[in-house]
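S.K.: Pasting in a structure now, in structure tokens, and then I'll have a few things to ask.
The values are calculated or read from the model by the stated rules, or taken from the named source; none is laboratory data. Just so it is clear, the model here is predicted, and its values are computed rather than measured. Cβ coordinates were reconstructed from backbone atoms using ideal geometry, including for glycine residues, and neighbour counts include every protein chain displayed. Calculation scope for accessible area: heavy atoms of the full protein, side chains included, ligands and nucleic acids excluded. Shrake-Rupley method; radii C 1.70, N 1.55, O 1.52, S 1.80 Å.
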Amino acid sequence: MTAAAVAELVALPAEPQVSDDVVEAVVEQRGWSWEHELVCDSLRTGHGHVLCTEGYIPFGRPDARHFLVFGEVDPDDPDDESMANEPWLSPLMDDWQRQPGWSGRRPGTVQDCENVLTQAAQAVTECLGAAPERTVVSSAAVVTGPALTHRVWRTPTHALVLGPAADNGPYGYLTHLQLSYTPLHCGPELPPQEDEDGLAGWITAHVDW
């Protein structure tokens, strides 16, 4: 994740709207491509990240949620003693790490994931010129998988939430490392740091559909 990738994301809602009949040309002109396999019905940006957006077209839609996925975590499932998901999930993870701009590590640790999130946080801070307003470790109530750090920034109109997010696609137990850029009206006013339940609910409202 780089500051340029973050800047590209936060600029999307203010761009001119794009109609269905020209969106293919706009996507190609930007050096982007459609991604229908690894993450269903999404876009791959020129930085190699995967962008999921409400309404399929991300340009000029200030009320849409935008999710930029830059990492994938396949956590050990404590309830899967036979690792029954391994035969079909491992090849998909192999496909991920072969994509331009991606790499893989097996076994990966929680600290490896936190290192990736810390580097991404530096990029968001560089782009926005401000440190995160809130930093909190996720819980099972927020996302399935390892407890990782969420960081929250706000612009006058949008929230940026960096951290783990649930996969709603075909993988089930997979966890996204994602930067969410969503309208502030998705949740109420940002709760104080000590309100852990309130923060968990606020983050959930901004990082999922």
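S.K.: Which members of the stretch 137-161 meet the condition of being more than 14 Å from the chain's Cα centre (by Cα) and basic (Lys, Arg)?
M.R.: If the condition is that a residue be more than 14 Å from the chain's Cα centre (by Cα) and basic (Lys, Arg), then ARG154 is the only one that fits.
S.K.: Looking for something among the polar types (S, T, N, Q), open to solvent by less than 50 Å² (accessible area, probe 1.4 Å) and modelled with pLDDT of 85 or more - is there at least one such residue anywhere in the stretch 123-132?
M.R.: Yes, the stretch 123-132 contains at least one residue that is among the polar types (S, T, N, Q), open to solvent by less than 50 Å² (accessible area, probe 1.4 Å) and modelled with pLDDT of 85 or more.
S.K.: Yes or no: GLU133 in contact (Cβ under 8 Å) with a residue 60 or more places away in the chain, more than 16 Å from the chain's Cα centre (by Cα) and more than 26 Å from GLY104 (Cβ to Cβ)? Let's see the steps before the verdict.
M.R.: Working: in contact (Cβ under 8 Å) with a residue 60 or more places away in the chain: no; more than 16 Å from the chain's Cα centre (by Cα): yes; more than 26 Å from GLY104 (Cβ to Cβ): yes.
Considered against the rule, which asks whether it is in contact (Cβ under 8 Å) with a residue 60 or more places away in the chain, more than 16 Å from the chain's Cα centre (by Cα) and more than 26 Å from GLY104 (Cβ to Cβ), GLU133 comes out as no.
S.K.: Within the stretch 11-41, work out how many residues are under 20 Å from LEU92 (Cβ atoms) and either open to solvent by 70 Å² or more (accessible area, probe 1.4 Å) or touching a residue at least 24 places away in the same chain (Cβ under 8 Å) (or both).
M.R.: The total comes to 6.
S.K.: Considering the stretch 1-42 alone, what residues qualify as being in a helix (DSSP H, G or I), within 19 Å of HIS176 (Cβ to Cβ) and in contact with a helix residue (DSSP H, G or I) (Cβ under 6 Å, 6 or more places away or on another chain)?
M.R.: VAL6
S.K.: Of everything in the stretch 145-159 that's closer than 23 Å to VAL116 by Cβ and open to solvent by 50 Å² or more (accessible area, probe 1.4 Å), which residue is modelled with the lowest pLDDT?
M.R.: Restricting to residues being closer than 23 Å to VAL116 by Cβ and open to solvent by 50 Å² or more (accessible area, probe 1.4 Å), the top hit is ALA147.
S.K.: Which of the residues that make up the stretch 177-204 are surrounded by fewer than 16 Cβ atoms within 10 Å (Cβ to Cβ) and aliphatic (A, V, I, L, M)?
M.R.: Matches in the stretch 177-204: LEU184 only.
S.K.: Another question, if that's okay. Let me confirm something: among LEU162, LEU174, which residue is modelled with pLDDT of 90 or more, within 21 Å of GLU114 (Cβ to Cβ) and open to solvent by less than 20 Å² (accessible area, probe 1.4 Å)?
M.R.: Only one candidate passes the filter, namely LEU162.
S.K.: Can you report the number of residues in the stretch 177-190 which are of a type in the set (A, V, I, L, M, F, W, C) and modelled with pLDDT of 95 or more?
M.R.: 1
S.K.: Could we say that VAL142 is buried (at least 20 other Cβ atoms within 10 Å of the Cβ), in contact with a helix residue (DSSP H, G or I) (Cβ under 8 Å, 6 or more places away or on another chain) and more than 19 Å from THR204 (Cα to Cα) here?
M.R.: no
S.K.: So for the stretch 61-82 (the condition being modelled with pLDDT of 90 or more and surrounded by fewer than 15 Cβ atoms within 10 Å (Cβ to Cβ)), does at least one residue qualify?
M.R.: Yes, the conditions are met somewhere in the stretch 61-82.
S.K.: If you check GLN119, GLN111, which single one turns out to be more than 30 Å from ALA11 (Cβ to Cβ) and either at pLDDT 90 or above or touching a Cys at 6+ places or on another chain (Cβ under 8 Å) (or both)? Can you show your working first?
M.R.: Details: GLN119 fails: more than 30 Å from ALA11 (Cβ to Cβ).
Residue meeting the stated conditions: GLN111.
S.K.: Okay, next question. Kindly evaluate VAL136 against the criterion of being over 30 Å from GLU37 (Cβ atoms), touching an Asp or Glu at 6+ places or on another chain (Cβ under 6 Å) and surrounded by 17 or more Cβ atoms within 10 Å (Cβ to Cβ).
M.R.: Here the answer is no, as VAL136 does not meet what is asked.
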